[in-house]
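The values are calculated or read from the model by the stated rules, or taken from the named source; none is laboratory data. Source: prediction; values computed, not measured. All Cβ positions, even for glycine, are placed from backbone atoms using ideal geometry, and neighbour counts span all protein chains on display. SASA here: full protein model, heavy atoms, side chains in, ligands and nucleic acids out. Shrake-Rupley method; radii C 1.70, N 1.55, O 1.52, S 1.80 Å.
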Protein chains: 2
Amino acid sequence: MTPLYIGYAAAMLGTICWIPQALQVWRTRDTRSLSLSAQVLFLATVTLWLAYGVMIMDWPLILANIVSVSAMIAIVTAKLKFK
Amino acid sequence: MTPLYIGYAAAMLGTICWIPQALQVWRTRDTRSLSLSAQVLFLATVTLWLAYGVMIMDWPLILANIVSVSAMIAIVTAKLKFK
């Protein structure tokens, strides 16, 4: 197995993995055990990756981080809305 | 501001951001609103990034993902232990 496939698998999993969390918090409206600082820091992280992707015009980075930023905005919004 | 600084900032934030979540779940023993599938998928993601880093011998990738894997193991363990 080449390292490149491992890298692609990591990138793909990292892109989709926050979708179930976003769905769960909006379905249950329960966000108590989510750390607000962790969620906000991770939203900042994926926003910076998206900005970096746009700056170097790297489409895989841009597309992956559009998905992550959307999921994280949904999670942080739920955290702020449902105390 | 060069893109490289944005990339470094994203990498650094992404490394530390799950530490407050790990601390919170172990302090409160409350993990109900964490999605198990999201946490397991993200643990798989950072483990793959670590494997990729080792394969291409990229030290920033290795060090950052050792921190992330540790935080995610702590979170997933808490999720399985404290229902």
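Mind grabbing the accessible area of B:VAL67 for me, 1.4 Å probe, Å², rounded to tens?
We get 60 Å² for B:VAL67.
Under a Cβ-Cβ cut-off of 10 Å, what is the net charge of the residues other than B:SER33 that fall near it, where Lys and Arg count +1 and Asp and Glu count -1? Could the numbers behind the result be given before it?
Numbers: positive: A:ARG29, A:ARG32, A:LYS79, B:ARG32; negative: A:ASP30, B:ASP30.
That works out to +2.
Which of B:ILE16, B:ILE66, B:ILE56 moves the most in a Gaussian network model of chain B with Cα springs under 10 Å?
Comparing B:ILE16, B:ILE66, B:ILE56 in a Gaussian network model of chain B, the most mobile one is B:ILE56.
Working from Cα positions, state the angle (0 to 90°, nearest 10) between the long axis of helix B:3-16 and the longest principal axis of chain B.
Relative to chain B, helix B:3-16 is tipped by roughly 30 degrees.
Under the convention of a label 7 Å out along Cα→Cβ, give the distances in nm from B:ILE56 to the same position in every other copy, shortest first.
Copy-to-copy label distances at B:ILE56, shortest first: 0.9 nm.
In whole Å, what three semi-axes, largest first, describe the equivalent ellipsoid of the protein assembly as shown built from its Cα gyration tensor (square root of 5 times each eigenvalue)?
25, 18, 14
What translational diffusion coefficient, to the nearest whole µm²/s, does segment B:30-83 have by Stokes-Einstein, given a Kirkwood radius computed over alpha-carbon pairs, a temperature of 25 °C and 0.890 mPa s viscosity? If you can, show how the numbers build up before the last one.
On the way: Rh = 11.5 Å.
Rounded to a whole number, D works out at 213 µm²/s.
Taking each residue in B:23-32, count the Cβ atoms of any other chain within 10 Å of its Cβ, then average. What number comes out?
Details: counts 3, 7, 4, 0, 1, 3, 1, 3, 3, 7.
Per residue, the number of nearby Cβ atoms from other chains is 3 on average.
Using a label position 7 Å from Cα in the Cα→Cβ direction, what is the ascending list of nm distances from A:TRP26 to the same site in the other copies?
3.3
As I understand it, the value is the acute angle between the Cα axis of helix A:59-81 and the longest principal axis of the Cα atoms of chain A; what does it come to in degrees, rounded to 10?
The angle comes out near 10 degrees.
How many percent of the accessible area of the protein assembly as shown is carbon or sulfur, using a 1.4 Å probe?
Numbers: 6500 of 8740 Å².
Exposed carbon and sulfur together represent 74 percent of the surface.
Taking the Cα atoms only, what angle lies between the long axis of helix B:19-28 and the longest principal axis of chain B, rounded to 10 degrees?
The angle comes out near 10 degrees.
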